[in-house]
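First up is the structure itself, then whatever we jot down about it.
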Amino acid sequence: MGGQRRGKAVERKKFTTAVDMAKDLPHLFKPISDSPALIGEEQDSLAQCEAAVETLKGAFWAAGKALQIIRDARLYRESHKTFDEYCDDRWSMNRQYADKLIRAWPIAEALYEKQSSPALTPIGVKKLNQAQVWELVPVAESWDVDTATFVYDTVVEIDGQAVTAAVLKGAVKTLPKGVEFDREVAAERILEYVSSLSEPTPEKVPAPAVPIEEQIAVRVDKAIEVDWVRRLAAQDRNRASAYLDQVQQRVERLRQELLASTS
């Protein structure tokens, strides 16, 4: 993921679990120094956070927490002007995805902390993934993280129900609206929804197969928002051109990776 950071080498600790790694991250959500250059403590914190981001595939939420520290403490400022540039250059990651990880990590951390306490959650959350947690983000942002974990635990405790992202998404849609969250009503609605998933559904006539050429055309249209690019060009042709240049560069990079993997 991205190039290696220039600077002094920092000895990395070895952690048994991602939970330990995340808990050991510095509690640094604002800059220590106003200078453009990072002071020694900030350099160490950046190295520790970047080590956590490198675990993205296996510990997405530890990476999200590390990215928030880097963003809020402006640990990117010595090498990059903005957090967006840092994410793109260092991790080949767009800002939208980085923000998604940042919004999701508090929920995942709360669920894993419950897992370490059998009295709080006897079933556990060993197979937690990004897709599952992302469906709980609207709950945390509408109410709080504790409410989001309540929704997850309610689904988990229903016997025989696989806790997939799709199931959590449906459960979230059933939640009562309002400032005050009524757990009793929410639990009843979630149970009713999950129970309906096991009911037989009328047999559906399979839809005709869509030709692969049409599928490709649809995906291309989704990948590049033509109307948005046109509006951007009407405001600033240079920015629109720069955007298209970046798209082309990424396409060429992907093409090279695919060719290399099949050679």
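Readers should treat all values here as calculations from the given coordinates under stated rules, not as data from a laboratory. Since the model is a prediction, treat every value here as computed from it, not as a measurement. A quick note on method: Cβ atoms are made from the backbone with ideal geometry, for glycine too, and the neighbour counts reach across all protein chains shown.
Structural remarks
- Once the C-beta distance of residue 249 and residue 188 is scaled by a Förster radius of 41 Å, the resulting FRET efficiency is 0.20 to the nearest 0.05.
- Here the Karplus curve 6.51 cos²θ - 1.76 cosθ + 1.60, taken at θ = phi - 60°, turns the phi angles of the range 26-34 into couplings of x, 7, 10, 10, 7, x, 7, 10, 8 Hz, with x standing for Gly and Pro.
- Per-peptide average of other Cβ atoms within 10 Å, ordering 158-171, 244-257, 77-90 highest first: 77-90, 158-171, 244-257
- Residue 180/residue 156 FRET efficiency (R0 22 Å; Cβ-Cβ; nearest 0.05): 0.35
- Only Lys, Arg, Asp and Glu carry charge here, each on its Cβ (+1 for the first two, -1 for the last two); on that basis the range 129-196 has a dipole of about 300 debye about its Cα centre.
- For residue 93, nonlocal amide neighbours, meaning residues 5 or more places apart or on other chains whose placed amide H falls under 5 Å from its own, are 88.
- Gain upon complete extension [residue 241, residue 213; 0.36 nm per residue less C-alpha separation]: 7.3 nm
- Residue 233 paired with residue 39, simple spin-label distance in nm, labels 7 Å along Cα-to-beta-carbon: 5.0
- ³J(HN,Hα) computed for each position of the range 231-244 - Karplus, 6.51 cos²θ - 1.76 cosθ + 1.60, integer Hz, glycine/proline x: 5, 5, 4, 5, 8, 7, 5, 5, 5, 5, 5, 5, 4, 5
- Overall, the anisotropy analysis places the range 18-103 in the oblate class: the square-rooted eigenvalues a ≥ b ≥ c of its C-alpha gyration tensor yield a/c not less than 1.5, with a/b not exceeding b/c.
- Length available on full extension from residue 164 to residue 130: 0.36 nm per residue minus the Cα-Cα distance, which gives 11.2 nm.
- With 0.36 nm allotted per residue and the present C-alpha distance subtracted, the residue 195-residue 224 stretch has 6.5 nm of extension available.
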